[in-house]
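Chemist: Following this message is one structure expressed as C-alpha cells.
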Amino acid sequence: MAKLELDIQDINKNASENFLGFKATSKSIKPVHLGHVMLTNLLGYSYNYDELLEFTIKPSKKDYEEISDEIKKKFQSDTAIETTQMNHYRSLFHQILHDDMGYYPKSAESTAPTFTSDWLLNDTYNGASVGQYLYTLIKDNELVEDKMRKQLQNHRDGMSVLFRPFLKLAEKESVNSKTINSSPLGEIFEKDSVSEDLQEGFHNIALHIDDSRQEKNLKQLREFVKFASFAFYCYSINRNNELEEDGKESKVPMLLNYAQNSEVIERASVNTANLGYSEVENGTRKGIRNELDRKGAKSLNRDQIMEIVESDKFYAGRKRTGSKHEDAVETFKEMYDSSTEEDDFEKLVDVLNNANHLSLFKTYTPKGTIKSFGWRSGILKPRGNTRNRYYEPDVELLEALILSVIKPDQKIPLVDLLKRLKEKYGILVGGTEEEEIHLEEWNISLGTTQDRVDPLKKNYDGLKRILVDLGYAEEYADDVTMVKGDTS
Amino acid sequence: MNAKNGISRELLYHISQGAFAERLSQNQRKEIHISSELDEFLDEKLEEGKQIILTGNPGDGKTQYIMMEKEEYDGFFLKDGSTWEPSELIEEWNEAYSENRKGILAINDGPLQRLINDFSGDFEFLNDVDHMMENQIVMDDGYEHPNEDIILIDLSKRSVLSTKIVKQAIEKLTTVHDTSEEMDKHISYNAEKLSQEEIKNSLSQMLSYIGVIDSSVTMRDLLNFIAYCINGGKKEEVENFDEDLKFYNLAYEGRGKLFDLFREHIDPKVLTHPYLDSVLWSETEEGMEFNDSDYDAEQVQKEFLRKKRRFLFGDKKVDEIGTKEVYDKTNENFLNYRNNANLQPREKTEQLIQWLNSYFIPESDMTNSLLLWFSHNFRSKENQVIISREEAHTDKFQYKVPKLNSEISDAITFHSNQYVLEYDPGQDFNRKPKMKIDKNLHETLSSLDLGVPYVMRDEKVERKILNFMEEIQKREIGDETRAKIRMKDTETGDITKIKVNNDEFSLSGI
C-alpha cells in the first residue's frame with residue numbers, strides 16, 4: 001500500500017468535518033463571523049468595501065498622508081483638514097467597526113466588521129463552514145429569507161448612513177451559497193434531530209421580525225445572529241449523542257445558573273458545560289476513527305505505525321525537522337505505548353485524539369472551539385477566577401431563546417416555556433421534577449437531597465425575576481407566571 | 001376606650017395572626033370591613049345584573065367582599081375559585097354565564113390565568129376576560145370593554161396603602177371593646193395611642209410613603225400589621241409592659257411583607273437628619289446622666305433610636321421638623337413631579353426630553369427634540385463608541401400616567417408608582433414604545449444636572465434608555481442619504497460630529 005501520512009492537523013480538521021459536517025477548528029470564531037457567512041450565503045452576494053478598509057487602517061499603521069486621493073475626495077470642500085483631525089475620525093470609524101473584535105482592515109479576507117446591513121457583509125474566511133451549516137438551517141425557509149433580506153437591504157440605520165460614502169457605490173460580488181446536509185458519519189437533518197429544532201427556532205424568531213422595508217430593527221438583527229451562535233453551540237454538543245446507536249432520547253443538558261450565590265447550581269452548571277465539551281470530544285474521536293479508517297490505517301500494526309511516525313510522513317505542527325519534531329515523535333510513541341486500548345487501530349485513534357489537546361502538536365480542536373465560542377457568544381460565563389464556566393446567557397441571547405419558542409401574540413405559563421427549552425435545546429432551569437430526571441440521565445449530580453430541592457427552586461425564581469424585569473413575564477398568585485412573546 | 005363598641009381582643013388577635021375572611025363570622029367581617037368606593041360599585045353592578053370577577057392576590061379582600069354581597073343578593077357567588085378543579089370550575093362558571101346569572105366569582109389571578117390558558121379555545125368569553133385582565137391599567141382613554149355582561153376587577157391594583165384606607169383600618173382596629181382605660185396594659189395603651197390623631201396621621205403617612213415604593217401590599221398585610229402594632233401578637237393584655245411592646249417598636253418586629261417593607265424603608269438608622277439627630281442624641285445623653293467614665297455609646301444609640309421611632313410615629317415632637325421630612329425626600333421629588341398640576345403634560349414631556357438629552361450630552365438644554373443614540377454589536381458588551389444620527393420631535397412624545405380603564409375607574413383607587421414617556425407619532429401602528437419611569441429612574445434623570453460623570457453612570461439605566469431610543473429610531477429613520485452624525489467615545493465621553501451628504505462627508509457647518 002502507499003505510504004500513509006499522519007498529519008495531525010489535517011486529521012483533526014477532517015475529523016471535525018466527519019463529525020460535525022464542518023471545520024470547527026479555529027479559536028478565533030466569533031458570533032460576528034457566523035453572521036457574515038450565514039447572511040452572505042442567504043443573500044448570495046457581498047460587497048467589496050476596499051475603500052472603507054483603507055480609510056480605517058489604524059493611523060499608527062498607515063498615516064492619512066498615505067491614503068489615496070480617491071478616498072480623500074470623499075471629504076467634500078474640506079480641503080484644509082488637518083491630518084490629526086482626520087486620523088481621529090479614522091480611529092473612531094475603526095472602533096465602531098471593531099466593536100465585535102473582528103475588524104482587521106489589513107486582512108480583508110478574514111475581517112468581520114460589526115454590520116447593520118448588507119453593505120458591510122464580508123465573504124469572510126473565518127467560520128466559513130460553520131456559517132454554511134447555519135445557512136443550511138435557514139435556506140429553505142421563505143419567511144426567514146424574505147424578512148432578513150428586507151432588513152439587510154434597508155440602509156436607513158445610522159451606521160449604514162455613516163459609512164455610506166464608502167459603501168454606496170461599492171462593487172457587489174456574488175457568493176456561491178454552500179450548504180451542509182451531511183457528514184461521513186451521517187445525515188444532519190434527520191427527524192427529531194436538534195438541527196430540526198433549531199430550524200423551527202429560526203422560523204419562530206422570523207415571525208417576530210418586522211416585515212417592512214421602512215422600519216429597521218437592529219435589535220432583531222442582533223437576536224437573529226445571537227440565536228445562530230447558540231445554534232452552532234447547541235448542535236455541536238448534541239451531535240455525538242445523535243450519532244450514537246443507542247443515544248439518549250433527551251438533549252445534552254445545559255443547566256442555566258440564575259440562582260444567586262448557589263454553589264450547588266453553579267457547580268452543576270459547570271458540570272453540564274464540561275459534559276457538553278466531553279460530548280464534542282467523543283464526537284471528534286468518532287471523526288478521527290472515521291478519518292483513519294478512510295486512510296486505510298485499520299490494517300496497520302505497531303511497527304508500521306512507528307515507521308510512519310519516524311518518517312517524513314509524520315506532520316506535527318507543520319514541523320518536520322528540528323527538536324520540536326523529535327519531541328513530537330517521542331511524545332507520540334510514549335502516548336501510544338501507554339494507551340490502555342488493546343487494538344493497534346484503537347491505540348492510534350486514542351493517541352491522535354489525546355494529542356489534539358497537547359500544545360506541542362499545535363492543533364485546535366472542536367472542543368477548544370466550542371469552549372471559547374461559548375463565552376464569546378454570551379452563552380457561558382466564567383466562574384470566579386477559575387477556567388470553569390457556567391451557563392448564563394446574556395440578555396439578548398436569552399431574549400432570542402424566548403422568541404425562538406414563543407410565537408408573537410402567544411402567552412404561555414413559565415413552566416411551559418421551560419418545557420419547550422428543555423425539549424428543544426436541553427436547556428434546564430428548575431421548577432419541575434423533570435429537570436432532576438434529565439440531569440440524572442446524564443449523570444449530573446446536584447449533591448445531597450437537601451441541597452437539591454431549594455437551589456433548583458431558587459434558580460427558577462432567579463430566571464423568573466429576570467423575565468419579569470425584561471417585561472416578558474408577569475407574576476400572578478399561586479406561583480403562576482405567564483410569559484409572552486413580546487414586551488409591549 | 002369605647003366600652004362595648006368595636007372589635008374584641010380575640011378578633012384583634014386573629015387578625016394579628018393573619019386571619020382569613022372565610023374563618024370570620026359575618027359580624028366579625030362587618031366589624032372590620034373597610035368601606036370604600038368598591039362597596040357601592042359592586043352594589044350598582046349587581047343591580048345591573050352583571051357577573052363580576054374579583055381577582056388578585058391572596059389577602060386582597062376578595063372573600064371579604066363576596067361574603068358581604070352574598071348576604072344581600074341572590075345569584076352566582078363562588079368565593080374560592082382558586083381551589084376548584086379547573087375543568088369543574090369552568091363548567092360551573094360557563095353555566096352561570098350562559099344563564100345570565102349575576103354574581104361574583106372570586107379567584108386568584110394565577111388560577112385565572114391558568115384557566116384562560118387552558119380553556120379559552122373552548123369558552124369564548126374567557127378571551128374577553130383575558131382582554132379585561134390585560135387592560136386593567138391603561139395609558140389612554142378609549143378603552144373598549146369587550147363584554148357587557150362581565151366586569152373584572154383586579155384587586156391587586158388597589159392602592160391599599162392610601163391614607164384613606166389606612167386611617168379607616170387604624171380606626172377599626174383601635175376600637176377594641178374589651179380593653180381598659182388604664183394605660184399600664186399593652187393593648188389598651190397601643191390602641192389608645194394609635195387612635196390619637198397625630199399618631200394616626202404619622203402612621204398613615206409612613207405607610208402611604210411605602211405604598212409609592214411597593215404597590216403589592218394586600219389588605220390582609222395592612223390589617224395584620226396594624227393589629228400587631230397594637231397587641232404584639234398576644235391575645236391577653238400584658239400589665240406593666242416594657243418598651244418592646246410599644247407600638248413604635250412592634251412595627252419593626254413582626255413578620256410579613258409590610259413589616260419587611262417598613263423595616264427597609266423606615267429605618268431610623270438609615271434615615272438621617274442632621275438637626276433631628278443632634279437634638280435627639282443630646283436629649284438622650286442628658287437623660288441618661290452618664291459620668292465621663294461610664295459613658296456607654298451602645299446604650300445611648302439604643303435609646304436614641306427608640307426616641308427616633310417615637311418621633312417618626314408622631315409620639316414625640318421636635319420643634320420645626322415634621323416627620324415626613326425625615327423619610328420622604330426621594331418620594332417627594334417623584335410625587336411632586338408626577339402630581340404637579342401646575343406643570344402641564346407638555347411641560348413635563350419637555351422636561352423629560354431635556355433630561356434624556358443631557359444624559360448623553362451633559363450640557364444640553366434641548367427640549368424641542370430628542371437625540372436618538374444607539375449602540376450595536378453581536379457580543380452584548382458595552383460599545384466603545386455609540387452613535388446618534390436622528391432626532392425625534394418632542395411633539396411625538398407624551399407624558400402619561402397609567403390609570404384604571406374607564407369601566408372600573410370608580411371601583412377602586414389606583415396610584416401608579418411610575419409614569420411613562422410614550423412615543424406616538426400618530427401613525428397607525430400597534431406598539432408605541434414606552435419608557436417607564438419609576439422613582440429610582442426619576443431620581444437618576446432629575447439629578448443629571450449635578451454633573452455625574454458619564455463613565456460613572458449605571459449601565460442598566462443606559463441600556464434601558466438606549467432600548468427605548470432604538471425602538472423609536474426604527475420608525476424615525478427617514479433620509480438614507482443625508483445625516484448629521486454624532487459619535488460618542490464611551491471612555492472619554494467626547495463627542496465628534498460629521499455630516500454625510502449623499503456620497504461625501506463634510507466636517508464643516510456642524
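Chemist: Filter region A:37-48 down to residues that are in contact with a Phe, Trp or Tyr (Cβ under 6 Å, 6 or more places away or on another chain) and not hydrophobic (A, V, I, L, M, F, W, C) and give me whichever is farthest from A:SER177 (Cα to Cα).
Modeler: Per the stated criteria, the residue is A:TYR47.
Chemist: Test A:LEU97 against the stated conditions and say whether it is closer than 22 Å to B:LYS499 by Cα, surrounded by 19 or more Cβ atoms within 10 Å (Cβ to Cβ) and touching a residue at least 24 places away in the same chain (Cβ under 8 Å).
Modeler: Yes; evaluated as a whole, the condition is true for this residue.
Chemist: Quick check: anything in region B:135-143 surrounded by 19 or more Cβ atoms within 10 Å (Cβ to Cβ), part of a helix (DSSP H, G or I) and not assigned by TED's automatic domain parsing to the domain that holds B:SER409?
Modeler: Looking for residues that are surrounded by 19 or more Cβ atoms within 10 Å (Cβ to Cβ), part of a helix (DSSP H, G or I) and not assigned by TED's automatic domain parsing to the domain that holds B:SER409, one finds none in region B:135-143, hence no.
Chemist: Of all residues being among the acidic types (Asp, Glu) and within 9 Å of another protein chain (Cβ to nearest Cβ) in region B:479-510, which is nearest to the chain's Cα centre (by Cα)? Just the residue, please.
Modeler: Of everything passing the filter in region B:479-510, B:ASP489 is nearest to the chain's Cα centre (by Cα).
Chemist: Among the residues of region A:346-388, how many are part of a helix (DSSP H, G or I) and at pLDDT 90 or above?
Modeler: So the count comes out to 19.
Chemist: Can you name every residue in region B:64-77 that is surrounded by fewer than 21 Cβ atoms within 10 Å (Cβ to Cβ) and either without any contact (Cβ under 8 Å) to a residue 24 or more places away in the chain or of a type outside the set (A, V, I, L, M, F, W, C) (or both)?
Modeler: Scanning region B:64-77 gives B:GLU69, B:LYS70, B:GLU71, B:GLU72, B:TYR73, B:ASP74, B:GLY75.
Chemist: Next question. When you check B:ILE53 against the structure, is it away from every other protein chain (no Cβ under 14 Å), among the aliphatic types (A, V, I, L, M) and crowded, with 18+ Cβ neighbours inside 10 Å, yes or no?
Modeler: Spelling it out, it is not the case that B:ILE53 is away from every other protein chain (no Cβ under 14 Å), among the aliphatic types (A, V, I, L, M) and crowded, with 18+ Cβ neighbours inside 10 Å.
Chemist: Just checking, how many residues over region A:35-79 are more than 13 Å from chain B (Cβ to nearest Cβ) and among the polar types (S, T, N, Q)?
Modeler: 6
Chemist: Next question. It is to be established whether one or more residues within region B:426-438 are buried (at least 18 other Cβ atoms within 10 Å of the Cβ), over 30 Å from B:GLU44 (Cα atoms) and more than 13 Å from chain A (Cβ to nearest Cβ).
Modeler: Checked region B:426-438: at least one residue is buried (at least 18 other Cβ atoms within 10 Å of the Cβ), over 30 Å from B:GLU44 (Cα atoms) and more than 13 Å from chain A (Cβ to nearest Cβ).
Chemist: I'm checking my understanding of the structure. Among residues of region A:357-403 that are among the polar types (S, T, N, Q) and within 17 Å of the chain's Cα centre (by Cα), which one is nearest to A:TYR315 (Cα to Cα)?
Modeler: A:THR365
Chemist: What about A:ILE406, is it among the β-branched types (Val, Ile, Thr) and buried (at least 20 other Cβ atoms within 10 Å of the Cβ)?
Modeler: Considered against the rule, which asks whether it is among the β-branched types (Val, Ile, Thr) and buried (at least 20 other Cβ atoms within 10 Å of the Cβ), A:ILE406 comes out as yes.
Chemist: For region B:124-133, check the following and say yes or no: at least one residue is part of a strand (DSSP E or B) and in the same structural domain as B:GLN51 (by TED's automatic domain parsing). Write out each step before concluding.
Modeler: Of the residues in region B:124-133, the ones part of a strand (DSSP E or B) are none.
Scanning region B:124-133, I find no residue that is part of a strand (DSSP E or B) and in the same structural domain as B:GLN51 (by TED's automatic domain parsing), so the answer is no.
Chemist: OK, next. For A:GLY21, state whether it is at pLDDT 95 or above and buried (at least 20 other Cβ atoms within 10 Å of the Cβ).
Modeler: Spelling it out, A:GLY21 is indeed at pLDDT 95 or above and buried (at least 20 other Cβ atoms within 10 Å of the Cβ).
Chemist: Residues to consider are A:ALA268, A:ALA206; find the one that is over 20 Å from A:GLU423 (Cα atoms), more than 14 Å from chain B (Cβ to nearest Cβ), in contact with a helix residue (DSSP H, G or I) (Cβ under 9 Å, 6 or more places away or on another chain) and of a type in the set (A, V, I, L, M, F, W, C).
Modeler: A:ALA206
Chemist: Shifting gears a bit: Right, B:ASP260: within 29 Å of the chain's Cα centre (by Cα), acidic (Asp, Glu) and assigned to a helix (DSSP H, G or I) or not?
Modeler: yes
Chemist: Okay, next question. Take region B:461-478 and flag every residue that is in contact (Cβ under 8 Å) with a residue 60 or more places away in the chain, under 29 Å from B:LYS439 (Cα atoms), facing chain A (nearest Cβ under 8 Å) and not polar (S, T, N, Q).
Modeler: B:GLU470
One line per residue, one yes/no per condition, for (1) over 23 Å from A:GLU436 (Cα atoms); (2) part of a helix (DSSP H, G or I); (3) in contact with a strand residue (DSSP E or B) (Cβ under 6 Å, 6 or more places away or on another chain); (4) away from every other protein chain (no Cβ under 14 Å):
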{"residue": "A:LEU221", "(1), (2), (3), (4)": "yes, yes, no, no"}
{"residue": "A:SER229", "(1), (2), (3), (4)": "yes, yes, no, no"}
{"residue": "A:GLU242", "(1), (2), (3), (4)": "no, yes, no, yes"}
{"residue": "A:GLU245", "(1), (2), (3), (4)": "yes, no, no, yes"}
{"residue": "A:GLU249", "(1), (2), (3), (4)": "no, no, no, yes"}
{"residue": "A:VAL252", "(1), (2), (3), (4)": "no, no, no, yes"}
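Chemist: Among the residues of region B:92-119, which ones are away from every other protein chain (no Cβ under 12 Å) and either within 14 Å of A:GLU474 (Cα to Cα) or of a type in the set (A, V, I, L, M) (or both)?
Modeler: B:ALA96, B:ILE104, B:LEU105
Chemist: Taking helices (runs of 4 or more DSSP H) that do not extend beyond region A:1-78, which have at least 2 residues that are hydrophobic (A, V, I, L, M, F, W, C)?
Modeler: On the way: elements: A:8-20, A:31-43, A:50-55, A:69-72.
Per the criteria, A:8-20, A:31-43, A:50-55.
Chemist: In addition: Suppose we filter region A:387-438 for residues that are among the polar types (S, T, N, Q) and either touching a strand residue (DSSP E or B) at 6+ places or on another chain (Cβ under 9 Å) or within 14 Å of chain B (Cβ to nearest Cβ) (or both); how many remain?
Modeler: 2
Chemist: Tell me yes or no: at least one residue of region A:28-49 is at positive phi and more than 34 Å from the chain's Cα centre (by Cα).
Modeler: Checking region A:28-49: not a single residue is at positive phi and more than 34 Å from the chain's Cα centre (by Cα).
Chemist: Restricting to region A:80-118, count the residues that are closer than 19 Å to A:HIS155 by Cα and either assigned to a loop (DSSP other than H, G, I, E, B) or within 11 Å of chain B (Cβ to nearest Cβ) (or both).
Modeler: Of the residues in region A:80-118, 9 are closer than 19 Å to A:HIS155 by Cα and either assigned to a loop (DSSP other than H, G, I, E, B) or within 11 Å of chain B (Cβ to nearest Cβ) (or both).
Chemist: Another question about this same structure. Condition first: in contact with an Asp or Glu (Cβ under 8 Å, 6 or more places away or on another chain), buried (at least 17 other Cβ atoms within 10 Å of the Cβ) and farther than 30 Å from B:LYS432 by Cβ. Now tell me which residues in region B:453-505 satisfy that.
Modeler: B:THR496, B:PHE505
Chemist: Still on this structure: Only one of B:GLU382, B:GLU363 is within 14 Å of chain A (Cβ to nearest Cβ), of a type outside the set (Lys, Arg) and either farther than 27 Å from B:THR490 by Cα or surrounded by fewer than 16 Cβ atoms within 10 Å (Cβ to Cβ) (or both); which?
Modeler: Criteria check complete, one pass: B:GLU382.
Chemist: Report whether or not B:LYS193 is surrounded by fewer than 16 Cβ atoms within 10 Å (Cβ to Cβ), within 30 Å of B:LYS316 (Cα to Cα) and more than 14 Å from every other protein chain (Cβ to nearest Cβ).
Modeler: Here the answer is no, as B:LYS193 does not meet what is asked.
Let's see how each residue does on (1) surrounded by fewer than 22 Cβ atoms within 10 Å (Cβ to Cβ); (2) without any contact (Cβ under 8 Å) to a residue 60 or more places away in the chain; (3) touching a Phe, Trp or Tyr at 6+ places or on another chain (Cβ under 7 Å):
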{"site": "A:PHE332", "(1), (2), (3)": "no, yes, no"}
{"site": "A:GLU342", "(1), (2), (3)": "yes, yes, no"}
{"site": "A:LEU348", "(1), (2), (3)": "no, yes, no"}
{"site": "A:HIS357", "(1), (2), (3)": "yes, yes, no"}
{"site": "A:LEU360", "(1), (2), (3)": "yes, yes, no"}
{"site": "A:GLY368", "(1), (2), (3)": "yes, no, no"}
{"site": "A:PHE373", "(1), (2), (3)": "no, no, yes"}
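Chemist: Could we say that B:VAL279 is under 29 Å from B:ASP214 (Cα atoms) and in contact (Cβ under 8 Å) with a residue 24 or more places away in the chain here?
Modeler: So B:VAL279 does not fit the description; no.
Chemist: Which ranges mark the helices (runs of 4 or more DSSP H) fully within region A:389-488 that have 2 or more residues being closer than 19 Å to A:LYS226 by Cα?
Modeler: A:395-405, A:414-425, A:449-470
The values are calculated or read from the model by the stated rules, or taken from the named source; none is laboratory data. Owing to the predicted nature of the structure, the values given are computational and were not obtained by experimental measurement. Positions of Cβ are backbone-derived with ideal geometry, glycine not excepted, and every protein chain shown enters the neighbour counts.
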